[in-house]
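Q: This is the structure I want to talk about, given as structure tokens.
The values are calculated or read from the model by the stated rules, or taken from the named source; none is laboratory data. For clarity, every value in this text was computed on a predicted model and none was experimentally measured. For neighbour counting, all protein chains shown are included, and Cβ atoms are generated from backbone atoms with ideal geometry for every residue, glycine included. The area values use the complete protein model at the heavy-atom level, side chains included, leaving out ligands, DNA and RNA. Shrake-Rupley method; radii C 1.70, N 1.55, O 1.52, S 1.80 Å.
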Amino acid sequence: MILYNLLRFLLYFIIIILSIFNKKLLKFFKSRLFQKMGNDKFLNNNEKAILIHFSSVGEFNLSKELIEKILQNRNAGENQKVILSVMTDTGFSAVNKKYSENKNVKIFYFPLDDFFEIKKIYKKYKIEKTIVVETEIWPNLYYFAAKSGELFIVNGRLTEKKLKSYLKFGWLIRKTLNRATKIMVQSISDKERYEKLGLDKNKIKVYKNLKYSIKYSKISGEQKKYYYDTIVNKNKKVIVCGSTRPNEERIWLEVFKKINIDNEYQLVLVPRHLERINEIENIILEKFSKDDYSLLSQIEKNITEAKTNNREKIVVVDKMGVLTDFYQLADFVFVGGTFVDIGGHSILEPLYYGKKPIIGKYFQNIEEIVKDAKELGFIEIIENEDEIVRYLKKSENVDTKSFFEKNNQIDKILEEIH
């Protein structure tokens with residue numbers, strides 16, 4: 001711990017120098033290391049708080065149900081006080097939007113594991129329990145969490161790549177993680193990797209991914225009508241390709257060209273990163289004409305300007321935050337990062353809406369969820385274009401309500417914490 005904090009102290013000098021020339025960097029560190037806690041009376045007499053730490057908006061979204069259940073009356077008569085610690089700006093914004101008016105919630109930027117800032121937070125807010133969502137290893141946070149009460153890691157995950165890097169600093173990682181009261185991981189494979197770090201095996205337990213507890217929003221009838229009137233052709237079979245990565249659009253465009261002979265399909269491409277839009281347009285123009293596709297933003301602009309909309313064969317979504325809308329309108333859903341060696345993105349959103357996801361062979365990031373879905377026949381794993389074409393000639397929705405109920409283990413996780 002002493003060596004770790006000495007190295008951090010030296011790092012501060014480098015950061016100060018760099019910040020002189022980089023206002024963005026200065027703002028980042030200032031917002032996290034010089035936060036005003038205020039003199040508010042967040043805690044009443046004899047009250048203690050629970051701190052929940054997560055990195056980004058993704059971890060916040062999968063933690064919402066956990067936070068809500070903790071906030072509910074644990075002991076008759078009073079609500080639990082919760083402090084939410086978040087690393088990223090987008091995560092901080094999302095948390096504020098949800099909880100800024102809740103008197104039982106305090107929100108902080110995570111102070112970058114600064115010894116003195118974390119000590120101040122734990123002392124002021126009498127934190128009795130700390131929950132770290134997924135596996136972020138911060139020695140000072142873990143030290144004060146264990147010193148002040150109990151530390152729990154929830155939804156823990158450890159890849160082979162991370163394990164190899166952690167083993168290089170085995171003594172520090174082992175000492176830090178062993179401060180946890182319990183480590184709740186997503187799979188048996190994760191448990192085995194944690195054990196290789198030399199942790200107390202009795203602390204490690206396997207529970208299903210917190211993602212099973214997420215309640216995804218559903219579009220209204222009015223929103224659905226808007227999409228059908230303007231963008232999505234309900235008289236065609238709609239294929240939605242979500243979170244696509246480089247080369248995956250090319251595969252789907254080739255498939256679309258083969259299968260759409262009688263003009264009975266519509267293809268919606270939703271890339272993972274919007275900076276690739278121009279690249280995707282160029283790929284489309286290799287196989288189709290300019291009249292065959294439109295960007296979502298252009299379609300919406302035409303609607304605003306009262307121009308005719310033809311509901312093109314191909315729609316490229318150049319807008320964030322609408323993928324789940326299109327999943328709900330789809331006849332077929334492909335989840336990206338699985339035809340190329342990325343490891344796959346979440347298949348739970350389409351499953352939640354009763355759509356059977358199509359994926360490729362690269363799903364190592366979502367292996368446990370794929371395994372659960374495969375047992376019930378709720379996923380289609382495809383290896384080549386011909387297999388895709390054959391599958392698209394079918395029509396198949398699935399009833400997945402029981403799938404989510406069976407795999408939602410949030411109450412068991414809460415029992416471990418309480």
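Q: Quick check: anything in segment 312-322 modelled with pLDDT of 95 or more, surrounded by fewer than 17 Cβ atoms within 10 Å (Cβ to Cβ) and under 22 Å from the mean Cα position of the chain (by Cα)? It would help to see each step written out before you state the result.
A: We begin by selecting, within segment 312-322, every residue modelled with pLDDT of 95 or more; these are 314-318, 322.
With the extra rule that they be surrounded by fewer than 17 Cβ atoms within 10 Å (Cβ to Cβ), the set shrinks to 322.
From the residues that got through so far, the ones that are under 22 Å from the mean Cα position of the chain (by Cα) too are 322.
Checked segment 312-322: at least one residue is modelled with pLDDT of 95 or more, surrounded by fewer than 17 Cβ atoms within 10 Å (Cβ to Cβ) and under 22 Å from the mean Cα position of the chain (by Cα).
Q: Which members of segment 20-47 meet the condition of being farther than 21 Å from Lys124 by Cα, of a type in the set (Lys, Arg) and under 26 Å from the mean Cα position of the chain (by Cα)? Give the derivation first.
A: Here is the first cut: in segment 20-47, the residues farther than 21 Å from Lys124 by Cα are 20-29.
From the residues that got through so far, the ones that are of a type in the set (Lys, Arg) too are 23-24, 27.
Within segment 20-47, Lys24, Lys27 meet the criteria.
Q: Are any residues in segment 152-166 over 18 Å from the mean Cα position of the chain (by Cα), open to solvent by less than 50 Å² (accessible area, probe 1.4 Å) and modelled with pLDDT under 95, and if so, which ones? Reasoning before the result, please.
A: So in segment 152-166, the residues over 18 Å from the mean Cα position of the chain (by Cα) come out as 152, 160-166.
This time we only want the ones that are open to solvent by less than 50 Å² (accessible area, probe 1.4 Å), so: 152, 163, 165-166.
Of everything in segment 152-166, those that are over 18 Å from the mean Cα position of the chain (by Cα), open to solvent by less than 50 Å² (accessible area, probe 1.4 Å) and modelled with pLDDT under 95 turn out to be Leu163, Ser165, Tyr166.
Q: Kindly indicate whether Val240 is touching a Pro at 6+ places or on another chain (Cβ under 9 Å), at negative phi, aliphatic (A, V, I, L, M) and not in a helix (DSSP H, G or I).
A: Details: touching a Pro at 6+ places or on another chain (Cβ under 9 Å): yes; at negative phi: yes; aliphatic (A, V, I, L, M): yes; not in a helix (DSSP H, G or I): yes.
Yes.
Q: I would also like to ask the following. Looking only at residues in segment 388-417 that are of a type in the set (Asp, Glu) and in contact with a strand residue (DSSP E or B) (Cβ under 9 Å, 6 or more places away or on another chain), which one is nearest to Ile358 (Cα to Cα)?
A: From segment 388-417, those of a type in the set (Asp, Glu) are 396, 399, 405, 411, 415-416; that's our starting set.
Filter once more, keeping what is in contact with a strand residue (DSSP E or B) (Cβ under 9 Å, 6 or more places away or on another chain): 396, 416.
On the way: Glu396: 11, Glu416: 35 Å.
Here the residue is Glu396.
Matching residues to (1) of a type in the set (A, V, I, L, M); (2) in contact with a helix residue (DSSP H, G or I) (Cβ under 6 Å, 6 or more places away or on another chain); (3) under 23 Å from Ile366 (Cα atoms):
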| site | (1), (2), (3) |
| --- | --- |
| Ser56 | no, yes, yes |
| Glu59 | no, no, yes |
| Asp89 | no, no, no |
| Ser93 | no, no, no |
| Val105 | yes, yes, no |
| Phe110 | no, no, no |
| Phe116 | no, no, no |
| Lys124 | no, no, no |
| Lys129 | no, no, no |
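Q: Going by what's in this entry, would Lys175 be described as charged (D, E, K, R), open to solvent by 30 Å² or more (accessible area, probe 1.4 Å) and under 30 Å from Ile303 (Cβ atoms)?
A: On the way: charged (D, E, K, R): yes; open to solvent by 30 Å² or more (accessible area, probe 1.4 Å): yes; under 30 Å from Ile303 (Cβ atoms): no.
Here the answer is no, as Lys175 does not meet what is asked.
Q: I've got another one for you. Can you pull out every residue in segment 339-351 that is touching a residue at least 60 places away in the same chain (Cβ under 8 Å) and more than 15 Å from the chain's Cα centre (by Cα)?
A: Looking only at segment 339-351, we keep the residues that are touching a residue at least 60 places away in the same chain (Cβ under 8 Å), and these are 339-340, 342, 345-346, 348-350.
Result: Phe339, Val340, Ile342.
Q: Can you pull out every residue in segment 234-248 that is within 30 Å of Val340 (Cβ to Cβ) and open to solvent by 20 Å² or more (accessible area, probe 1.4 Å)?
A: As a first pass, look at segment 234-248 and keep what is within 30 Å of Val340 (Cβ to Cβ): 236-248.
Within segment 234-248, Lys236, Lys237, Arg245, Pro246, Asn247 meet the criteria.
Q: Among what's in segment 43-58 and is under 30 Å from Gly156 (Cα atoms) and part of a loop (DSSP other than H, G, I, E, B), pick the residue that is most open to solvent (accessible area, probe 1.4 Å).
A: Going through segment 43-58, the residues under 30 Å from Gly156 (Cα atoms) turn out to be 43, 47-58.
Checking which are part of a loop (DSSP other than H, G, I, E, B) leaves us with 43, 47-48, 55-56.
Values: Leu43: 33, Glu47: 21, Lys48: 109, Ser55: 25, Ser56: 31 Å².
Among those residues, the one meeting the criterion is Lys48.
Q: Considering only residues that are closer than 16 Å to Lys406 by Cα and out of contact with any Phe, Trp or Tyr (no Cβ under 9 Å at 6 or more places or on another chain), look in segment 345-370 and name the one that is most open to solvent (accessible area, probe 1.4 Å).
A: The extreme case among them is Glu368.
Q: Let me ask something else. Looking only at segment 185-241, which residues are among the polar types (S, T, N, Q) and touching a residue at least 24 places away in the same chain (Cβ under 8 Å)?
A: To start, the set of residues in segment 185-241 that are among the polar types (S, T, N, Q) comprises 186-187, 189, 202, 209, 213, 217, 220, 223, 230, 233, 235.
If the condition is that a residue be among the polar types (S, T, N, Q) and touching a residue at least 24 places away in the same chain (Cβ under 8 Å), then Gln186, Ser187, Ser189, Asn209, Ser213, Ser217, Gln223, Thr230, Asn233 are the ones that fit.
Q: Taking segment 371-411, which residues are of a type in the set (Ser, Thr, Tyr), part of a loop (DSSP other than H, G, I, E, B) and surrounded by 12 or more Cβ atoms within 10 Å (Cβ to Cβ)? If you could, list the steps in order and put the result at the bottom.
A: Of all residues in segment 371-411, those of a type in the set (Ser, Thr, Tyr) come to 391, 395, 400, 402.
Those still in the list that are part of a loop (DSSP other than H, G, I, E, B) too: 395, 400.
The answer is Thr400, and nothing else.
Q: Considering only residues of segment 32-42 that are charged (D, E, K, R) and assigned to a loop (DSSP other than H, G, I, E, B), which is least open to solvent (accessible area, probe 1.4 Å)? Break it down into steps so the answer makes sense when it comes.
A: Looking only at segment 32-42, we keep the residues that are charged (D, E, K, R), and these are 32, 36, 40-41.
Next cut, assigned to a loop (DSSP other than H, G, I, E, B) only: 36, 40-41.
Working: Lys36: 193, Asp40: 62, Lys41: 185 Å².
Looking at the filtered set, the residue picked out is Asp40.
Q: When you look at Val340, is it more than 20 Å from Lys234 (Cβ to Cβ), open to solvent by 20 Å² or more (accessible area, probe 1.4 Å) and of a type in the set (Val, Ile, Thr), yes or no? Don't jump to the end; show me each part of the working.
A: On the way: more than 20 Å from Lys234 (Cβ to Cβ): yes; open to solvent by 20 Å² or more (accessible area, probe 1.4 Å): yes; of a type in the set (Val, Ile, Thr): yes.
Judged against the criteria, Val340 is a match.
Q: For segment 9-31, which positions are part of a helix (DSSP H, G or I) and of a type in the set (S, T, N, Q)?
A: Start the filter on segment 9-31 by keeping residues that are part of a helix (DSSP H, G or I), which leaves 9-20, 23-31.
Those that are part of a helix (DSSP H, G or I) and of a type in the set (S, T, N, Q): Ser19, Ser31.
Q: What residue, of Arg157, Arg179, is without any contact (Cβ under 8 Å) to a residue 60 or more places away in the chain and touching a Ser or Thr at 6+ places or on another chain (Cβ under 8 Å)?
A: Values: Arg179 fails: touching a Ser or Thr at 6+ places or on another chain (Cβ under 8 Å).
None of the others qualify; the one that does is Arg157.
Q: Which of (1) touching a helix residue (DSSP H, G or I) at 6+ places or on another chain (Cβ under 7 Å); (2) surrounded by fewer than 16 Cβ atoms within 10 Å (Cβ to Cβ) does Ile251 not meet, given it meets every other one?
A: Tallying (1) touching a helix residue (DSSP H, G or I) at 6+ places or on another chain (Cβ under 7 Å); (2) surrounded by fewer than 16 Cβ atoms within 10 Å (Cβ to Cβ), Ile251 fails exactly one: (2).
Q: Quick one: Tyr99 ticks every box in (1) at pLDDT 95 or above; (2) more than 26 Å from Arg8 (Cα to Cα); (3) buried (at least 22 other Cβ atoms within 10 Å of the Cβ) except a single one, so which number is it?
A: Of the numbered conditions (1) at pLDDT 95 or above; (2) more than 26 Å from Arg8 (Cα to Cα); (3) buried (at least 22 other Cβ atoms within 10 Å of the Cβ), the odd one out for Tyr99 is (3).
Q: Which of the residues belonging to segment 94-110 are polar (S, T, N, Q) and in contact (Cβ under 8 Å) with a residue 24 or more places away in the chain?
A: Applying the first criterion (polar (S, T, N, Q)) to segment 94-110 yields 96, 100, 102, 104.
Those that are polar (S, T, N, Q) and in contact (Cβ under 8 Å) with a residue 24 or more places away in the chain: Asn102, Asn104.
Q: Would a scan of segment 127-135 turn up a residue that is out of contact with any Gly (no Cβ under 7 Å at 6 or more places or on another chain), open to solvent by 10 Å² or more (accessible area, probe 1.4 Å) and either at pLDDT below 95 or assigned by the TED database to the domain that holds Val82 (or both)?
A: No - not one qualifying residue is present in segment 127-135.
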